[in-house]
Amino acid sequence: MSRLSVAILGDLHAPFHCRKSVYKVISIIRKEKPKIVIQIGDLLDLYAFSKFPKSLNVMGPAQEVKQGRKVTEDLWKEIRQAAGRQVECFQLLGNHDERLAKRIQESLPEVEGMAGTGLWSFPGVQTMEAERDELIIDGVVYMHGYRKFGDHVKYNLMSTVCGHSHQGGVVYLPIKGKTLFELNAGYLGDPKATAMTYTKQSKISRWTKGVGWIDDYGPRFIPLGG
């Protein structure tokens, strides 16, 4: 068994996630037993709290939060069961996860720190407190990301794992005799869900479903298709 093994789940956007892709990821985790599992942010979509034009006929705010929370509770429970007792689990936050807090800050700043804090707390999972919080393990930076794919490693000058752009893959940066990498974990959302239809084109997209993986052989993106 590899000394180091990290599974990185991309943007889930629950409850607008792809169930089939999630099942595949759980199967991989059950087989490979990674020592660390990280969800890289945008765990929830919080579509009802977005600022761009939206239809609340899709799902009301309370229903979306309730369903999203149920999906993510089950996800982390299944991950921990599949990976085994020794697994370390981490939950990062993304820009979509911050939507509720931002709307509260805009309209009712007095209760900014009191709402939504339980949405990202799960048994046996360490949660970063804000989108801007990075996680660093064995010299690799894990962050949701906000730059173009490939630019995070240039800025950090450390190997970096991110999400955000939904464009799974790996790029390399040789610097001062070292080979650094940037791994994007792709996404696990349902591209047909109304909340996910903000791409410029309807049929052609660079978004890729999959899971990121790091072990002794290096970083890679495992595409799931569909």
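The values are calculated or read from the model by the stated rules, or taken from the named source; none is laboratory data. All values derive from a computational prediction rather than experimental measurement. Reconstructed Cβ throughout: ideal geometry from the backbone, glycine too, with neighbour counts over all protein chains shown. Ligands, DNA and RNA are stripped out before the accessible areas are found, and what is left, the full protein with its side chains, is counted by its heavy atoms. Shrake-Rupley method; radii C 1.70, N 1.55, O 1.52, S 1.80 Å.
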Within the range 59-104, can you find the residues that are polar (S, T, N, Q), under 20 Å from ASP133 (Cα atoms) and buried (at least 18 other Cβ atoms within 10 Å of the Cβ)?
GLN91
Over the range 2-59, the set of residues in contact with a helix residue (DSSP H, G or I) (Cβ under 8 Å, 6 or more places away or on another chain), in a helix (DSSP H, G or I) and in contact (Cβ under 8 Å) with a residue 60 or more places away in the chain is VAL22, TYR47
Only unsatisfied item for LEU180, checking (1) at pLDDT 90 or above; (2) over 16 Å from the mean Cα position of the chain (by Cα); (3) within 18 Å of LEU44 (Cα to Cα); (4) open to solvent by less than 30 Å² (accessible area, probe 1.4 Å), is (3)
List the residue pairs whose Cβ atoms are under 8 Å apart, where the first residue sits in the range 65-82 and is farther than 18 Å from ASP190 by Cβ and at pLDDT 95 or above, the second is open to solvent by 80 Å² or more (accessible area, probe 1.4 Å) and assigned to a helix (DSSP H, G or I), and the two are 6 or more positions apart or on different chains.
ALA82/ARG30
Select from the range 1-59 the residues that are touching a Gly at 6+ places or on another chain (Cβ under 9 Å) and among the β-branched types (Val, Ile, Thr) and write down the one among them that is nearest to GLY94 (Cα to Cα).
ILE40
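Let's see how each residue does on (1) crowded, with 22+ Cβ neighbours inside 10 Å; (2) of a type in the set (Gly, Ala, Ser); (3) within 17 Å of the chain's Cα centre (by Cα):
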{"site": "PRO15", "(1), (2), (3)": "yes, no, yes"}
{"site": "ARG19", "(1), (2), (3)": "no, no, yes"}
{"site": "TYR23", "(1), (2), (3)": "no, no, yes"}
{"site": "ILE26", "(1), (2), (3)": "no, no, yes"}
{"site": "LYS35", "(1), (2), (3)": "no, no, no"}
{"site": "LEU43", "(1), (2), (3)": "yes, no, yes"}
{"site": "SER50", "(1), (2), (3)": "no, yes, no"}
Here are the criteria: (1) open to solvent by 20 Å² or more (accessible area, probe 1.4 Å); (2) more than 16 Å from ASP11 (Cα to Cα); (3) modelled with pLDDT of 95 or more; (4) within 18 Å of the chain's Cα centre (by Cα). Tell me which single one VAL171 does not satisfy.
(4)
List pairs: first residue in the range 163-175 and more than 10 Å from TRP207 (Cα to Cα) and of a type in the set (D, E, K, R), second residue open to solvent by less than 30 Å² (accessible area, probe 1.4 Å) and in a loop (DSSP other than H, G, I, E, B) anywhere in the structure, Cβ distance under 6 angstrom, at least six positions apart or on different chains.
none
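Consider the range 209-226. How many of its residues are assigned to a strand (DSSP E or B), free of Cβ contacts under 8 Å to residues at least 60 places away in the same chain and open to solvent by less than 50 Å² (accessible area, probe 1.4 Å)?
Narrowing the range 209-226 to residues assigned to a strand (DSSP E or B): 209-215, 218-223.
Applying the additional criterion that residues be free of Cβ contacts under 8 Å to residues at least 60 places away in the same chain yields 218, 220-221, 223.
Within this subset, residues satisfying the condition of being open to solvent by less than 50 Å² (accessible area, probe 1.4 Å) are 218, 221.
Within the range 209-226, residues that are assigned to a strand (DSSP E or B), free of Cβ contacts under 8 Å to residues at least 60 places away in the same chain and open to solvent by less than 50 Å² (accessible area, probe 1.4 Å) number 2.
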Residue by residue through the range 106-120, note down the ones that are modelled with pLDDT of 70 or more and surrounded by 11 or more Cβ atoms within 10 Å (Cβ to Cβ).
LEU119, TRP120
